[in-house]
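The values are calculated or read from the model by the stated rules, or taken from the named source; none is laboratory data. Just so it is clear, the model here is predicted, and its values are computed rather than measured. Here Cβ is always computed from backbone atoms with ideal geometry, including for glycine, and neighbour counts include all displayed protein chains.
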Amino acid sequence: MTRFIVRRLIQSVLLLWVVMTLSFILIQLAPGGPDAVYANSKNIGPAEIAAIRKARGLDDPLYAQYFRWMGQTLSLDFGLSYSYARRPVIDVIWAKAGPTFQLGLMSYLLALLGIPLGVYAAKHRGKFGDNFIRIFTVIFTAVPHWWLGLIIITVLASTIRWFPQGQGSDNPWDWFIHIIIPALLLATGGMVAFTRFVRSETIEVLSQDYVRTADAKGLTNREVQNRHVLRNSLLPVVTLMGAFLPLLLSGAALTETIFNWPGMGQLFITATNARDYSVILAILIIGTFLTIVGTFMADIAYGWVDPRIRYD
Amino acid sequence: MSELTTIGTSPAIVVRRKSQSRGFFATGFTRFLKDKISITAMVIFVLIALSAIFAPFISKTLIGYSYEELDLTNLLAPPGTPGHILGTDDLGRDNLVRLLYGGQVSLTVGFLVALISGIIGTFLGVIAGYYGKWIDDVVNGAYQIVANVPFLFLLIILSVFFKPNVITLALAFALLGWPGTTRQIRGSVLSLRSRDYVDAARVMGGSDARIMWVHLIPNLVSTVLVIAGFDVVGAILGESSLSFLGYGISVPIPSWGNMLSDSQSHFQDAPWLVYFPGIMIFITVLCVYLVADGLRDAFDPRLKNK
């Protein structure tokens, strides 16, 4: 187990290094070069550009720039934001992390509802409930969740003249009615994935010999379900829990924009509209970092709950 | 399968029959054609595709407006207005005409992505599964990189740096989309390469290239076809999200995504601008999904209800 953790840790660090290197190349490729990334503004003159070039060391040889950039990025120094009153990029992002965390966590919890749905569908395979759940998953695969958001806003606005915009106040009820619709929509992708995955895993396990044996031994249905079926069918779900993270982050950009949710996704879009390159690249790197950490933890958790997994 | 069958007791009447085994693909497609849902989806999809392909003809002769023509007497006209069956947008452009043209963008991107990522994904999946060892590690490494980057963020950055057209957009999607194909193809190759006929081919002196091309890839065609279907689904949804955010196809050319983007400022006075493009995305994606799903069931009936 320790060996496996160390191995996965080395892989994750390597992965992060590759992604960061690619980001550095991306900055060099940006139209106007790194100057544009750090100083994108029409009002900026040659004097300011020279000052920025000096401050960020853009006149040094490329390899020196690369190592310094790596060091700065690892210490979370992404430079100054141009569109947010020249505050440090990390402060701008940090201020938006809370709302995104709330929305993400809420969506994650809602998406996990797919697990009982999948178990239910597998147990009632081919019956009404299963077919109903199946239609539900097919529809939510095909419909863009952000368009549903637009529809909900349109319908709510024209009927009860209310649409959930922004984060709501500190009042728990007000907070809840503002977060629930965006969180539900953001959760649909994951919920569908969990439902499908759990359903097929459970059906697979139900046909295993040890389940038949357990049945034959005369165990009650409940005992067979809980001890023999669910225990095995729910294990692989852990891996999917890590894979859902990038989906959540990408979805947040759309959901937060539509519902005016003051989070990192919305920040990413407004920063992109303002061509605030240092902010958008920082969000890309942080988002990738979070995903790598999430996948790493999911893999470790999988190895821990399922001792059959022997990685070597 | 016997070639000759005698009917009755008289040996004089001999009926020559063809082999009853019609081959893997014929059987699969026959099974597909018998599935009502798949066929309905297929027909609707073909209709949408035809309407997109013939969008210039339909809009010119049947509707009488081009996609950028402004009808200034009919701004934000609701559906049912004479001359504008599905209404107009805030500049008086005909909604139906723009929907037809939007289909061109979505379907072109969808199919290009499926084609490119199918080729890349199959190639990498086959060599990774067949050779294993360091090639497998390299492919897996590339897979990990792509799978861990929030793809929408990266696409937006790329789109800001390099203004995309339909082709480059499809290329970007494909370069981020191949890992799914590679994973599944690699898995299939792992089980195929230990089959007896592969061993036999190798014993007879078949080269690696020949084994992969003649013995592995033909067995993967149905898998690739099904994955390609799901790739089209992902690409159409992705293109519309990107265009909706304003970083896909640029504005004068209508796409369902950028039409929805424009509709946002009129969701109270012209809700039909919100409804129709989304309905088009939904129906198109649903049909492609059902066709891909039907193909999978037809080629591998064991998967049905799984």
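Some points to look at:
- Pairs, first at the interface with chain A (Cβ under 8 Å from one of its Cβ atoms) in the range B:275-287, second crowded, with 22+ Cβ neighbours inside 10 Å and not in a helix (DSSP H, G or I), C-beta under 6 Å, six or more apart: B:I281/A:P144
- Boolean, A:P46 is modelled with pLDDT under 75 and out of contact with any Leu (no Cβ under 7 Å at 6 or more places or on another chain): yes
- Residue identified as in contact with a helix residue (DSSP H, G or I) (Cβ under 6 Å, 6 or more places away or on another chain), crowded, with 16+ Cβ neighbours inside 10 Å, facing chain A (nearest Cβ under 8 Å) and among the small types (G, A, S) among B:S261, B:S240: B:S240
- Qualifying residue in the range A:246-253 (condition: more than 24 Å from B:D262 (Cα to Cα), more than 8 Å from every other protein chain (Cβ to nearest Cβ) and either hydroxyl-bearing (S, T, Y) or touching a residue at least 12 places away in the same chain (Cβ under 8 Å) (or both)): yes
- Any helices (runs of 4 or more DSSP H) falling wholly within the range B:106-197 and containing at least 1 residues that are over 23 Å from the mean Cα position of the chain (by Cα) and within 14 Å of chain A (Cβ to nearest Cβ): B:133-148, B:151-161
- Condition broken by B:D231, with the remaining ones in (1) in contact (Cβ under 8 Å) with a residue 40 or more places away in the chain; (2) part of a helix (DSSP H, G or I); (3) closer than 19 Å to A:S250 by Cα; (4) within 13 Å of chain A (Cβ to nearest Cβ) satisfied: (4)
- Conditions (1) more than 10 Å from every other protein chain (Cβ to nearest Cβ); (2) more than 30 Å from B:M259 (Cα to Cα); number of the one not met by A:I179: (2)
- The condition of being in contact (Cβ under 8 Å) with a residue 40 or more places away in the chain, out of contact with any strand residue (DSSP E or B) (no Cβ under 8 Å at 6 or more places or on another chain), within 22 Å of A:A274 (Cα to Cα) and among the aliphatic types (A, V, I, L, M) holds for A:I90.
- Of all the criteria given as (1) more than 29 Å from A:T137 (Cα to Cα); (2) among the charged types (D, E, K, R); (3) assigned to a helix (DSSP H, G or I), the one not satisfied by A:E204 is (1).
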